[in-house]
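Visitor: There's a structure below that I have some questions on.
We did not get these values from a lab; they are worked out from the coordinates using the rules stated. All figures in this text were calculated on a predicted structure; none of them were measured in a lab. Neighbour counts are summed over all protein chains in view; Cβ atoms, including those assigned to glycine, are modelled from backbone coordinates with ideal geometry.
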Amino acid sequence: MTNTQAISELRREFARRGWDKKATGPIVFQLMIHIALAIAGTVAFLACHNPLLRGFGIAISAFGCMGVGTNTHTSSHYGTSQKRWVNEALSYLGFPTFLGFSATFWWYKHVVLHHPSPNVMGVDEDADLLPWFAMTVDDINASSGLRRFYYERVQFWAFPLLISMTYFNMVASGWVYLIGTLCQPKARKTAHWIDLGAKVLHLALWIGVPLLFFPWPLVVGCYVLRGILVGYAMYFVLGPGHLPAEAQRITAEAKQETDFFTVQTEGTVSFRTGWIGRFLCSGLEFQIEHHLFPNISHIYYPEVSVIVQRFCAEQGLPYRCYSWGTAVWKSWQVMRNPQQVLGHDTGRAVFLELETELRGSAVSSEVETPPLYR
């Protein structure tokens, strides 16, 4: 049985088990808990004078914000509701309004670029951390002088410090993308204007409203400190899926000669969590399952995982799953031992053109087109 036939059979099995239905109620309920945690933690930080209570409050707020992000990730893949507008409304609520991230930038960077081509160099922007970090041997060899010294000797130690800026980099990148798009009459769409309004609303809610009751140094300090903690949370949740050396990086040419499902499973690693981690990650610990079936409600991934592991074993596809701690360590270790990038001459699998701009192919039918591309 070919991979395509096996995936089709899996989809039929999922439908028989009811996993093709959206778990809207449980997902929205989880989202409300995360929002409540984020707001309650922020109020505790701003209102309490005890340093321990403030520390606990900001930690709880960061946990809730990260939970909002991972939950919204499901909505951005149209995995929360059968209704497109509900998924899109929740995406605007979670990303730009609550977190300050650009939803349209996320749809472009994550759904359009990353998902069809995980860890494909020159295509997946998440696979390229230059100029801050060199992830591959090619990046090292292309550098010289102090830059090469930094990559070879310093970046491993600088990484834990610089990832504190992950949240702010994501916010800033969204602004750059959004403003640049809005300045192009032929490129901008209604979705971009909604995104802009939601990002402005984010600043009003998280900075403007608190300033009515608390001094500005405390409000700004709360926002910055929470952003730093969310940056670390983003690394712990998102990093283990694609940064470890076991998540192979390949060239765009090699991708064209490689089976779609091999690209997905070789460029992806899953990890195991306890119940708190599962609540925080909203299915992102099941990265392989998510890349094969991105618009399934994350509530089902623990059960889906059992069948996907069997599918990978039967089809000869890699399935790597580590403990959370091991996966995090491996995603840091690659800063010391950069990866080799597989090229088109490595004798990989037969060419299958199974995705075309997320529209109309047998494989990519699992990924719905973001609103700015409709």
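Visitor: If amide hydrogens are placed 1.01 Å from N in the peptide plane, which non-local residues have theirs closer than 5 Å to the one on R249?
Guide: Under 5 Å from the amide H of R249: L342.
Visitor: Continuing with the same structure: Please report, in whole Å³, the volume per residue of the convex hull around the C-alpha atoms of the range 3-367. Mind dumping the intermediate values first?
Guide: Working: hull volume 55.3 nm³, N = 365.
Residue-normalised Cα hull volume stands at 151 Å³.
Visitor: Which of P51, P318, P26 ends up with the largest GNM mean-square fluctuation for the chain, with Cα atoms connected below 10 Å?
Guide: P51
Visitor: Using the 10 angstrom Cβ neighbour count as an exposure proxy, how do E152, E314 rank, fewest first?
Guide: E314, E152
Visitor: Report, by chain and number, residues whose modeled amide H sits under 5 Å from the one on R272, excluding near sequence neighbours (fewer than 5 apart, same chain).
Guide: Counting only residues 5 or more places away or on other chains, the set is Y322, S323, W324.
Visitor: With +1 on each Lys and Arg Cβ and -1 on each Asp and Glu Cβ, and nothing else charged, work out how big the dipole of the chain is about its Cα centre, in Debye to the nearest 20.
Guide: 1000 debye
Visitor: Order by neighbour count: F213, F105, fewest other Cβ atoms within 10 Å first, most last.
Guide: Fewest-to-most Cβ neighbours within 10 Å comes out as F213, F105.
Visitor: Starting from the amide H of T258, placed 1.01 Å from N in the peptide plane, find each other amide H under 5 Å away whose residue is 5 or more places distant or on another chain.
Guide: Correct list: L352.
Visitor: Over the chain, calculate the relative contact order: mean separation of alpha carbon pairs under 8 Å at least 6 apart, over the residue count, as a percent.
Guide: Once divided by the residue count of the chain, the mean separation gives 23 percent.
Visitor: Quick check on the chain: helices-only [θ] at 222 nm, where DSSP H runs of length 4 and up contribute -39,500 (n - 2.57) each and the sum goes over total residues. Nearest 500, please. Please report the intermediate quantities before stating the final value.
Guide: On the way: 17 runs with 204 residues, N = 374.
Per the formula, -17000 deg cm²/dmol.
Visitor: Just to check I understand the Karplus step: with θ = phi - 60° and J = 6.51 cos²θ - 1.76 cosθ + 1.60, what whole-Hz values come out for the range 301-314, glycine and proline as x?
Guide: So the Karplus estimates, Gly and Pro as x, are 4, x, 6, 4, 4, 4, 6, 5, 4, 5, 4, 5, 5, 5 Hz.
Visitor: Taking the chain as the reference, fit the longest principal axis to its C-alpha atoms, fit the long axis of helix 324-333 to the helix C-alpha atoms, and give the angle between the two in degrees, 0 to 90, nearest 10.
Guide: Its long axis makes an angle of about 80 degrees.
Visitor: Apply the Karplus parameterisation 6.51 cos²θ - 1.76 cosθ + 1.60, with θ equal to phi minus 60°, to every residue of the range 46-63 and state each ³J(HN,Hα) to the nearest whole Hz, in sequence, with x for glycine and proline.
Guide: With the stated coefficients, the range 46-63 comes to 6, 8, 8, 9, 6, x, 5, 5, 5, x, 5, x, 5, 5, 5, 5, 5, 4 Hz.
Visitor: Provide L372, L182 in ascending order of the number of other Cβ atoms located within 10 Å of each residue's Cβ, fewest first.
Guide: L182, L372
Visitor: Using the Karplus curve 6.51 cos²θ - 1.76 cosθ + 1.60 with θ = phi - 60°, what ³J(HN,Hα) values do you get for each residue of the range 239-244, in whole Hz, with x for Gly and Pro?
Guide: Going residue by residue, I get x, x, x, 9, 7, x Hz, with x marking Gly and Pro.
Visitor: In the range 177-266, what trypsin sites (Lys or Arg not before Pro) fall in a loop by DSSP, with at most 14 other Cβ atoms inside 10 Å?
Guide: K186
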